[in-house]
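Asker: Here it is: the structure, laid out below.
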Amino acid sequence: MRRSSSSVLFFRLQLWGGGMSVFQSLIFDTTVLDGVTDPAIRARVWAECFEQIVTGMDMGFSEGDARIIGTHKFLMTETVALGEMFSSSFIGARTKKHINRDDEDHVYLSFNIGATTHIGRQFGREIDVQPGQAGLLVLDASTQAIAPNNGHCISLKLPNAIFREWGLSPVDLACRPLDCTGADYQLLTGYARLLIANGAGLDEGGAAEATQHLIKLTGRWLGARDGVQGVDGEEAVYRARLALVRQTISKQAFDPEVSLERVARRLGMPSRTVQHMLAKAGESFSQVVMAARLRRARVHLLDPVYADLSVADIAFHCGFLDVSSFYRAFRAAYNVTPKSLREQAGTIPPE
């Protein structure tokens with residue numbers, strides 16, 4: 001885990017868990033910043049610590065409130081990152097410079113359990129996340145998040161591959177109203193808080209089962225009941241390893257020279273083991289690569305910050321070597337051409 005000099009200076013970090021196969025718990029206590037008055041320093045420290053857990057972004061403060069308050073608790077495995085945060089006011093902006101070519105393919109969910117309204121912006125959409133509601137963002141597109149002081153939320157980062165397994169499209173759910181009125185939502189947020197408080201004490205098997213239960217509750221809340229099945233024991237461990245395999249393939253999919261052998265070496269597994277794990281789920285290596293490339297291309301086509309790029313530029317950026325084959329694959333996957341999607345979204349490059 002990367003730790004910059006400024007975040008070491010200002011934060012007390014506590015870490016438990018021998019490896020990423022169990023939960024790692026990270027706490028940073030911001031009360032030691034009381035003597036730091038420069039808002040720019042506070043914003044930089046906040047951004048650096050947030051980047052260690054979730055993602056990179058530029059941070060600022062709204063309402064003239066330049067505090068950073070509270071104790072922020074995070075729990076992580078190879079598959080998920082889960083946190084509970086009390087925050088001062090802030091404005092967070094994620095732009096092109098934060099989205100790397102091999103940026104991890106993740107979805108970010110924020111559950112507002114406080115008393116103030118949060119705002120999220122993505123793909124030209126805006127959503128007000130009222131207390132008791134939730135918002136969803138994808139991490140490989142530009143984003144803006146705004147919150148007033150005394151915010152309180154639970155955050156959950158999941159691989160996009162899980163949503164694909166459910167048959168859900170995070171791009172279509174981003175900054176859209178989500179149903180938070182039922183028992184599924186209450187169970188999910190309650191379990192998440194219990195896991196943050198107690199998950200660090202679980203062994204490898206317990207952590208895998210707890211992770212899968214958290215994922216299952218999330219899927220049920222989002223309406224993916226047909227694709228969410230209860231698992232435990234060895235099956236839970238397999239699901240966790242499969243998620244890691246998909247995540248690793250997706251992360252490297254944008255390199256035109258990606259190969260099964262290279263991904264297997266990155267995972268520390270034989271190539272045949274990776275193939276067998278995917279085959280058990282009814283997938284192949286090439287299918288996972290293609291799905292990741294097409295999904296990233298769709299994100300870029302919809303994201304206004306990429307409006308200066310041509311369709312060909314986006315295709316090459318996402319790992320395609322031939323524009324014609326990209327057009328055919330994209331239309332087969334989404335029943336629309338890349339150009340038509342841009343026209344519908346209003347992200348046509350300037351003449």
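Asker: Give me the net charge of L173's neighbourhood, meaning all other residues with Cβ under 12 Å from the Cβ of L173; Lys, Arg count +1, Asp, Glu -1.
Answerer: Computed value for this residue: 0.
Asker: Right, another one. Would you mind checking K96/K280; K96/K339; K96/K216; K216/K339 for any pair whose Cα atoms are more than 25 angstrom apart?
Answerer: Long pairs (Cα-Cα over 25 Å): K96/K280; K96/K216; K216/K339.
Asker: Moving on. From the C-alpha gyration tensor of region 117-160, pull out the three semi-axes of the equivalent ellipsoid (sqrt of 5λ each), sorted largest to smallest, in whole Å.
Answerer: Value: 18, 13, 9 Å, ordered largest first.
Asker: Per 5 Å bin from zero, what fraction in whole % of the C-alpha pairs of region 253-351 is there, up to the bin with the longest pair?
Answerer: 2, 13, 21, 20, 15, 11, 8, 6, 2, 0
Asker: Using θ = phi - 60° and the Karplus form 6.51 cos²θ - 1.76 cosθ + 1.60, what ³J(HN,Hα) does each residue of region 135-142 get, whole Hz, x for Gly and Pro?
Answerer: Once rounded to whole Hz, the list reads x, 10, 9, 9, 8, 10, 9, 5.
Asker: Taking the alpha-carbon centroid of each part, what is the distance from region 103-166 to region 174-220 in angstrom?
Answerer: Rounded to whole Å, the Cα centres lie 15 Å apart.
Asker: If the cut-off is a Cα-Cα distance under 19 Å, which lysines reach K73, setting aside same-chain residues fewer than 8 apart in sequence?
Answerer: K157
Asker: Ok, one more. Convert each backbone phi in region 269-280 into a coupling constant with the Karplus relation 6.51 cos²θ - 1.76 cosθ + 1.60 (shift: θ = phi - 60°), then list the ³J(HN,Hα) values in order as whole Hz, x for Gly and Pro.
Answerer: For region 269-280, the Karplus curve yields 10, x, 4, 5, 5, 4, 4, 5, 4, 5, 4, 4 Hz.
All of the numbers you see were taken from the coordinates with simple rules; none came from a lab. None of these values were measured; they are calculated from a predicted model. Here Cβ is always computed from backbone atoms with ideal geometry, including for glycine, and neighbour counts include all displayed protein chains.
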